[in-house]
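Heads up, the thing below is written out as structure tokens.
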Amino acid sequence: MSQTLLEREGEHPQDVVDERDGRRIVVLDSARWVDGRNTDTDVVVPASYVGVLPARMMAVHRPRGVIGHDACVGKDAAGIAGLWYLEALGIPSATAAGMSAEMGNGRDLWEHGVISYVNYPAEMVGVRPGMPVREAAFLLRDTDATDVEVGNKIRREVVEEHPSGRRTVVTDSIVWALPEDEGRSVLVTAGHTGRSGASFLLEANPWGFICHDGGMSKNRSGITGLRTTEDAGLAGATIDGTTAPIGDAFRGYAEGRISACNGPAEARGVAVGMTVAEAAHRLLVGGDA
């Protein structure tokens, strides 16, 4: 940054809309206006897109949290790509839906914005899509982020239990299966179901599985593991890549639909086009001897 810009840092217009215990929520029209005044005590709410470039501008100042605009996501998801840049640096961040708030108008973002996407540190403090920006900003201000170091972020949740003791477990990767899942859990994950994915599935040997189809890919290689697991008698299906993103099992469970399944899964009532949640339920309750 040139000396002239450094000298003008204090001229950027900032609107402190709330303050508590020395922690502030600061609303701005532009990510460029996040500056040396905004450190780990400030949640900044700029009405810029949260692409990689604005994320770099803000990250150098290490704000406590960031909520920006998603620019309607756009080609290559460029409007939200900075969320994961900030995640890698341990900065909780989120975006507001492009049709809920005006770009370049921080006050409109603060007053009317609705959260559309979040990164892992923001999710861990309770920020969720559909939440008003105001509510999300208060959470980021008042809740200390945890697990912000670089490394694996293992999300795992039991979403349904069966009287038999079986359960449906949502976790982002099959490699995070636990010994207790063997023969007991329906694992809903978000890795591909290709050749290497099948080897992890056979090793985990769950009661059933739903993984991602990887967009099918060349020679339908994203789902070749369905054949391998069928040969082993393991019931499984895949998430349609056009309905839920690879790598996010929680969105797969909430939003995804089935693109393919193997014979053992069909025998339990799973069908192409079914919601992932319904397919997981059928895998869970079916197959009793």
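Mean residue ellipticity at 222 nm from the helices of the chain, using -39,500 (n - 2.57) per DSSP H segment of n ≥ 4 over the full residue count, to the nearest 500 deg cm²/dmol?
-7000 deg cm²/dmol
The equivalent ellipsoid of the range 156-285 has semi-axes of 19, 15, 14 Å, largest first, where each one is the square root of 5 times an eigenvalue of the Cα gyration tensor. Each of Gly130, Val16, Val52 was placed along the dipole of the range 8-142 (beta-carbon charges, centred on the mean Cα), and the one lying farthest toward the positive end is Val52. Close amide H pairs (under 5 Å, H built 1.01 Å from N) link Gly113 with Val133, residues at least 5 positions away or on another chain. Taking a sphere under 12 Å around the Cβ of Arg141 and counting the other residues whose Cβ falls inside, with K and R at +1 and D and E at -1, yields a net charge of -3. Distance from the Cα centroid of the range 12-45 to that of the range 177-196 is 43 Å (rounded to whole angstrom). Think of each Lys and Arg Cβ as +1 and each Asp and Glu Cβ as -1; about the Cα centre, that makes the dipole of the range 8-142 roughly 200 debye. Quick check: net charge around Thr275, other residues with Cβ under 14 Å of its Cβ, Lys/Arg +1 and Asp/Glu -1? Combined, the nearby Lys, Arg, Asp and Glu give -1.
For the chain, the normalised intensity computed at q = 0.08, 0.09, 0.13 Å⁻¹ comes to -0.41, -0.50, -0.86 (log10 of I(q)/I(0), Debye sum over alpha carbons, equal scatterers, no solvent).
Determine the relative contact order of the chain: mean sequence separation of Cα pairs under 8 Å and six or more apart, normalised by residue count, in whole percent. Display every interim value, and only then the final one.
Numbers: 707 pairs, mean separation 29.1, N = 289.
Relative CO of the chain lands at 10 percent.
A straight chain from Thr39 to Glu278 at 0.36 nm per residue would run longer than the Cα-Cα distance by 81.5 nm.
Proximity of backbone amide H atoms, modeled 1.01 Å from N, is registered between Gly215 and Gly241 at under 5 Å, excluding neighbours fewer than 5 places apart on the same chain.
Roughly what % of DSSP beta bridges within the range 156-285 run antiparallel, to the nearest 5? The antiparallel proportion sits near 45 percent.
A Förster radius of 30 Å combined with the Cβ-Cβ distance from Leu53 to Leu202 puts the calculated FRET efficiency at roughly 0.10.
When the alpha carbon gyration tensor of the range 4-93 is reduced to an equivalent ellipsoid, its three semi-axes come out at 21, 15, 12 angstrom, largest first. In the range 21-174, inverting the average of 1/r over every pair of distinct C-alpha atoms gives 15.6 Å as the Kirkwood radius.
Amide H contacts for Gly68 (H built 1.01 Å from N in the peptide plane; partners 5 or more residues away or on another chain; cut-off under 5 Å): Ala94, Thr95, Ala96. Of all DSSP beta bridges confined to the range 1-127, the antiparallel ones make up roughly 40%. Electrostatic bookkeeping for Arg184 treats Lys and Arg as +1 and Asp and Glu as -1; over the other residues with beta carbon under 11 Å from its beta carbon, the sum is -2.
With each label modelled as a point 7 angstrom along the Cα→C-beta vector, the Arg195-Arg128 pair spans 4.2 nm.
Could you give the dipole magnitude of the chain about its Cα centre, charging the beta-carbon of Lys and Arg +1 and that of Asp and Glu -1, in debye to the nearest 20?
Details: 28 positive and 40 negative charges, 113 e Å.
Around 540 debye, computed over the chain.
Each residue of the range 222-235 is assigned a 3J(HN,Hα), and the resulting list reads x, 10, 4, x, 5, 5, 4, 6, 4, 4, 8, x, 9, 7 Hz, derived from the Karplus form 6.51 cos²θ - 1.76 cosθ + 1.60 (θ = phi - 60°), x at Gly and Pro. Taking the Cα centre of the range 156-285 as origin and assigning +1 to Lys and Arg Cβ atoms and -1 to Asp and Glu Cβ atoms, the resulting dipole is close to 260 debye. Considering the dipole of the chain built from charges on the beta carbon (Lys and Arg +1, Asp and Glu -1) around the Cα centre, which of Ala78, Leu226, Pro206 is farthest to its positive end? Checked the options; the winner is Leu226.
Computed from the coordinates by the stated procedures, all read-outs in this text should not be read as laboratory data. As the structure is a computational prediction, the values presented were derived from the model and not from experiment. Positions of Cβ are generated from backbone atoms using ideal geometry, with glycine treated the same way; all protein chains shown enter the neighbour counts.
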